[in-house]
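**Student:** Attaching a single structure in structure tokens format; questions to follow.
None of the figures in this text is laboratory data; all of them are computed from the coordinates on show. Everything quoted here is computed from the prediction, not taken from an experiment. Please note: Cβ atoms are built from the backbone with ideal geometry, for glycine as well, and neighbour counts cover all protein chains shown.
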């Protein structure tokens, strides 16, 4: 697919922007009311907790005041009856205070548990509803991938960041296990072996690693990649580390690229091809992606009720494209893109500023602010 504005200028990102914009608006309509309900629940919790803590403090002060008064009244008295009365009053006051304090503290813990449970459910719903927007990546975000074998399946974590916002996603890949042959194709790597009838000498042996299983990949989304793989028995382990066009190859603890006798047998174009195909696999063969955390300036944005602030950052990225689409479009107040399929078929997709504004306006002041950032007000 090829995506352009109406004047045939290519979009800065080759994606269906109208679909992404509609998805953003629909997501905002779901998550902002959820965040507002979390804020209300949090405020209710703070009010109830503050009220109970005040009651506990008042009870402590009242009990202390009674004890002080009784002590003052009995000060200097030696009569047995008076001292027993003093002790009985103090004991009764302390027992009552302890009993009532324990009940208030239990009620306090109950409120905290109920509130935490309610907020946790809202947080799960927020992440679930935002997942579809984050699935294809946020515009302008720098992404890094960490892939590993866990419980017999190839899984991973995506970490992405832009403009002070970070998000993490759990990944499940298309293959439960991935061999070098499946990722790239046939590949041979050299190692030393002992050979000779009468005297054993070191000789280069080319190992076919095509059936070796990839057990970890770390990829920074740009130039650096680190892939480890091993034989099915686990007795032979290799690692390829790349940074731009520089490669290091390890066989166990042996650095093949530092050994001239082995390095001369390496076909670097094949190693480069492996790294290139592994990077493509990491990005393109994701079976499922689950948003697990959003951070703003290093803090949990969902827990801190800062999702709206995150949406504003995302809207800024979209707003630049909205304005360019309006500038390059032929119909006033219409955000339009052209889509050209591989077979040459061409279609147009659009949404009017009014349509986008009306949907966001349903959210009140927050929606109106998003509409302004997007440039559809």
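**Student:** Please order 122, 82 by the number of other Cβ within 10 Å, starting at the fewest.
**Tutor:** In order of increasing Cβ crowding within 10 Å: 82, 122.
**Student:** Among 187, 34, 296, whose mean-square fluctuation peaks in a Gaussian network model of the chain (Cα, cutoff 10 Å)?
**Tutor:** 187
**Student:** Of 150, 353, 30, which is the most mobile in a GNM of the chain whose springs link Cα atoms less than 10 angstrom apart?
**Tutor:** Result for the chain, Cα springs under 10 Å: 150 fluctuates most.
**Student:** How far apart, in nanometres, would the label points at residue 102 and residue 343 be if each is projected 7 angstrom from Cα along the Cα-to-Cβ direction?
**Tutor:** Distance between the two pseudo-spin positions: 7.8 nm.
**Student:** Hey, another quick one. Roughly what angle does helix 17-74 make with the longest principal axis of the chain, taking Cα atoms, 0 to 90 degrees, to the nearest 10?
**Tutor:** So the inclination is approximately 30 degrees.
**Student:** Additional query: Take the alpha carbon gyration tensor of the chain, find the square roots of its eigenvalues, order them as a ≥ b ≥ c, and report rounded if a/c is under 1.5; if not, report prolate when a/b exceeds b/c, else oblate.
**Tutor:** Because a/c hits 1.5 or more and a/b fails to exceed b/c, the chain counts as oblate.
**Student:** Could I ask something else about it? How high is the relative contact order of the range 29-143, in percent, with contacts defined as C-alpha pairs under 8 Å that are six or more residues apart?
**Tutor:** 47 percent
**Student:** Here is a further query. Express in nm, to one decimal, how much length is gained between residue 26 and residue 163 on full extension, taking 0.36 nm for each residue of separation and deducting their alpha carbon distance.
**Tutor:** Residue separation times 0.36 nm, minus the Cα-Cα distance, leaves 47.0 nm.
**Student:** With the Cα gyration tensor of the range 37-132 giving a ≥ b ≥ c as the square roots of its eigenvalues, does the rule (a/c under 1.5 for rounded; else a/b larger than b/c for prolate; else oblate) give rounded, prolate or oblate?
**Tutor:** prolate
**Student:** Considering only C-alpha atoms, what is the centroid distance from the range 270-326 to the range 113-180, in Å?
**Tutor:** 10 Å
**Student:** With labels modelled as points extended 7 Å from the Cα through the Cβ direction, what inter-label distance (nm, one decimal) is found for residue 87 paired with residue 1?
**Tutor:** About 8.6 nm, to one decimal.
**Student:** What spacing in nm lies between the two simple spin-label points modelled at residue 362 and residue 55, each 7 Å away from Cα in the Cβ direction?
**Tutor:** 4.1 nm
**Student:** Using the Cα gyration tensor of the range 177-284, with a ≥ b ≥ c the square roots of its eigenvalues, what is the shape: rounded (a/c below 1.5), prolate (a/b larger than b/c) or oblate (neither)?
**Tutor:** Note, shape of the range 177-284 comes out prolate.
**Student:** Next question. What percent do you get for the relative contact order of the chain when only Cα pairs under 8 Å and 6+ apart count?
**Tutor:** 19 percent
**Student:** Please order 241, 322 by the number of other Cβ within 10 Å, starting at the fewest.
**Tutor:** 241, 322
**Student:** Also: So if each residue of separation counts as 0.36 nm, and I subtract the Cα-Cα distance between residue 297 and residue 268, what length gain in nm does that give?
**Tutor:** Roughly 6.3 nm would be gained on extension.
**Student:** For the range 1-46 and the range 234-256, compute the distance between their C-alpha centroids and round to whole Å.
**Tutor:** If we compute the Cα centre of each part, the gap is 42 Å.
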